[in-house]
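Have a look at the structure below before the remarks.
The values are calculated or read from the model by the stated rules, or taken from the named source; none is laboratory data. Being a predicted model, the structure only gives us computed values, none of them experimental. Backbone-built Cβ (ideal geometry, glycine too); neighbour counts: all protein chains shown. Areas reflect the complete protein model, heavy atoms only, side chains present, ligands, DNA and RNA absent. Shrake-Rupley method; radii C 1.70, N 1.55, O 1.52, S 1.80 Å.
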Amino acid sequence: MGEIAEIYCETGRGQQVAVKCSPQKAKVDDNLAFTVGFRLDGVVRRNFHQKFWEAAYDQHDGGLRIAFKAELHKSGVRLLSKPLKEEKFVRRAVFFWTRNPEIPHRVWMTVATEFETILYPKTEEEAREMMFNVTRSFELPASSLGKGDHSLGASVSAKWGKHVFTERGEASGKSPSLKIQIA
């Protein structure tokens, strides 16, 4: 549908997806630690606030489910090549009737993360950050890449269904190349 959504880098430096590696100069028997960070932005994020949670709850729309996918791959290789690391995960927002005296609203929400943890945000902005800001970590043995200079990148995607406050949509993004030396 006509949903406009974009994936942005958390650092806001004009990149869509940020990928970092530690160390960038490694030996063959080292392990490489990669961090991929991104944030989902657009109508789905802007409409994710308490008034729409209450409207959704009143219309028996009990929550929002977003399926994410993050891949780490060699840059410049063919489209059909297999990613070095791939992870699929889901985050769910569940709207519920609350009688908590600390929350001044009738309907509030929780976030169920991919780590089987239930998060209770205190503010709407905290809820948006819990739901739409993502940081993933990958480990890769340097020996799987081999000696030499390598160029790696990350690609991410997100999909969600139609709800009271948003249409069905999807977004994707890629990181700039990251140079790694393995001796």
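Scanning the stretch 56-71 for residues that are among the charged types (D, E, K, R) and more than 12 Å from the chain's Cα centre (by Cα) returns ASP58, ASP61, ARG65. Of SER137, SER143, SER175, all but one fail to be polar (S, T, N, Q), surrounded by 18 or more Cβ atoms within 10 Å (Cβ to Cβ) and over 22 Å from GLN50 (Cα atoms); the exception is SER175.
Listed by first and then second residue, the pairs linking a residue in the stretch 135-159 that is acidic (Asp, Glu) to a residue that is open to solvent by less than 30 Å² (accessible area, probe 1.4 Å), with Cβ atoms under 9 Å apart and 6 or more places separating them unless they lie on different chains, are GLU139/LEU32; GLU139/PHE34; ASP149/ILE180; ASP149/ILE182. Per the conditions (1) at pLDDT below 50; (2) under 17 Å from MET131 (Cα atoms), the sole criterion not satisfied by ARG39 is (1). Screening the stretch 29-42 for residues that are over 16 Å from the mean Cα position of the chain (by Cα) and not small (Gly, Ala, Ser) and picking the one that is least open to solvent (accessible area, probe 1.4 Å) gives LEU32. Here GLY146 meets the list (1) in a strand (DSSP E or B); (2) more than 18 Å from THR35 (Cα to Cα) almost entirely, failing just condition (1). For the stretch 149-183, filtering for residues that are part of a loop (DSSP other than H, G, I, E, B) and hydroxyl-bearing (Ser, Thr, Tyr) leaves 2.
With the structure loaded, tell me whether GLN15 is at pLDDT below 85 and open to solvent by less than 80 Å² (accessible area, probe 1.4 Å) or whether it fails that test. For GLN15, the condition - at pLDDT below 85 and open to solvent by less than 80 Å² (accessible area, probe 1.4 Å) - is met.
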